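Below: one structure, written as structure tokens.
What follows draws every value from the coordinates through simple rules; no lab data is involved. What you see is a predicted model; the values in this text were computed from it and never measured. Cβ atoms come from the backbone with ideal geometry, glycine included; neighbour counts cover every protein chain shown.
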Amino acid sequence: MIDLQLYNQEKRLLDYINNELNKNIKKVNNKLSAIELKSTKTVLIIDDSTAINNFIRAFLISEFGFNCEQVYNGKEALEAILKNQDRYGLLTIDIEMPIMSGEQLLKELYDRQISIPKIVVTGSVRFMADKEWAIDYLGKLNVMRVLFKPDFFNEMNLFLREYFEL
């Protein structure tokens, strides 16, 4: 006859070990993603403001050593991504841009099932007016994090260090 109490204890122990192994596998995968991003992948910075675009680029290079490319609207970004989506390991996307907005770009990427990690950096009044809604809405478009201008660098720094386990 099976000792039910012993069985339950062993099952809890095995579940705990399995959960810990899964956590460690995730940490290793995140570290490998960071190494790959530094060595072979590029961050595509998508913002119509030259100043913000250059600031994000300088920040990502100096803090993380990431390779960066810059475009200034969603259309340019979509063209670059469709040309070679394996090139990009991270997208930073502004919402309000001419020609094609960040929101339109996100919908296109979602519809095309392009799964490059995405961070939105926005100063959009619509999104800032209801941040909780914005985070939920953009999360449904597979955005990892929503950062709000003008004070987003510390949060970006913390998020990237946490995400990549750096």
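Some points to look at:
- Filtering Leu91, Leu78 for residues that are in contact (Cβ under 8 Å) with a residue 24 or more places away in the chain, closer than 20 Å to Lys41 by Cβ and assigned to a helix (DSSP H, G or I) leaves a single hit, Leu78.
- Filtered by the rule that a residue be farther than 27 Å from Glu165 by Cβ, surrounded by fewer than 14 Cβ atoms within 10 Å (Cβ to Cβ) and in contact with a helix residue (DSSP H, G or I) (Cβ under 6 Å, 6 or more places away or on another chain), segment 55-100 gives a lone residue, Ile99.
- Every condition in (1) within 15 Å of Ile56 (Cβ to Cβ); (2) surrounded by 13 or more Cβ atoms within 10 Å (Cβ to Cβ) is met by Phe164 except one, and the failing one is (1).
- When residues of segment 101-132 are limited to those that are part of a helix (DSSP H, G or I) and in contact with a Phe, Trp or Tyr (Cβ under 8 Å, 6 or more places away or on another chain), the one surrounded by the fewest Cβ atoms within 10 Å (Cβ to Cβ): Lys131
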